[in-house]
1. Step through the residues of region 76-86 one at a time and calculate ³J(HN,Hα) from phi using the Karplus curve (6.51 cos²θ - 1.76 cosθ + 1.60, θ = phi - 60°), rounding each to whole Hz and writing x for Gly and Pro.
2. Going by average Cβ neighbours within 10 Å, how do the peptides 28-35, 90-97, 78-85 rank, with the highest at the top?
3. Stokes-Einstein at 10 °C, 1.306 mPa s, Kirkwood radius from Cα pairs: D for region 48-98 in µm² s⁻¹?
Amino acid sequence: MQTDAKIERRGDTENFATSPRHRVAASVFKWLVRISRFGLAALFLFTAGAKLWILKKFASNVAELLSSASINYQRWQWPATIAVITAEIIAAILLIVPRTVRLGAVLAALMLIAFSAFALYYVYILHGEDLGLLVPVLIVFFGFRPNVKTLKNEN
């Protein structure tokens, strides 16, 4: 029986040659992350641009949601509108700049959670239109109210 003084561990790399090729899975994953990152930034920029395009209509939709939540909509209509649009633009910029991607991802996640939480509050607490959370999310996130009869397939 032969004994060695040196104990080999699993993680030692001296016995393995490094491959000159990059791992395909890591490369694909890296590109999927980039596509997702820039896609989310594009989504935020698109929705912010759409809200700016129809700013008064979006502000009136925000006022409707605020009044349904028993919040003084006359006082908070424009601050809430500006806050939503500004947060979307900031999140998009943070997602695009490489050093601030994590901060942008956190801001994007918090905004999406907040929009979803308000939609749940609107439907289940305030007993708003029960369309599977679609209408409040569309109003807050995209700035428009779809036709209720079309969504419910009623004629």
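Values quoted throughout were computed directly from the atomic coordinates according to the rules given, and no laboratory measurement underlies them. Because the structure is predicted, anything quoted here is derived from the model rather than measured. No Cβ is skipped: glycine too gets one built from the backbone with ideal geometry, and neighbour counts run over all protein chains shown.
1. 9, 4, 6, x, 5, 4, 5, 5, 5, 5, 5
2. On the way: 28-35: 10.5, 90-97: 19.5, 78-85: 16.1.
Output ranking for 28-35, 90-97, 78-85: 90-97, 78-85, 28-35.
3. 137 µm²/s
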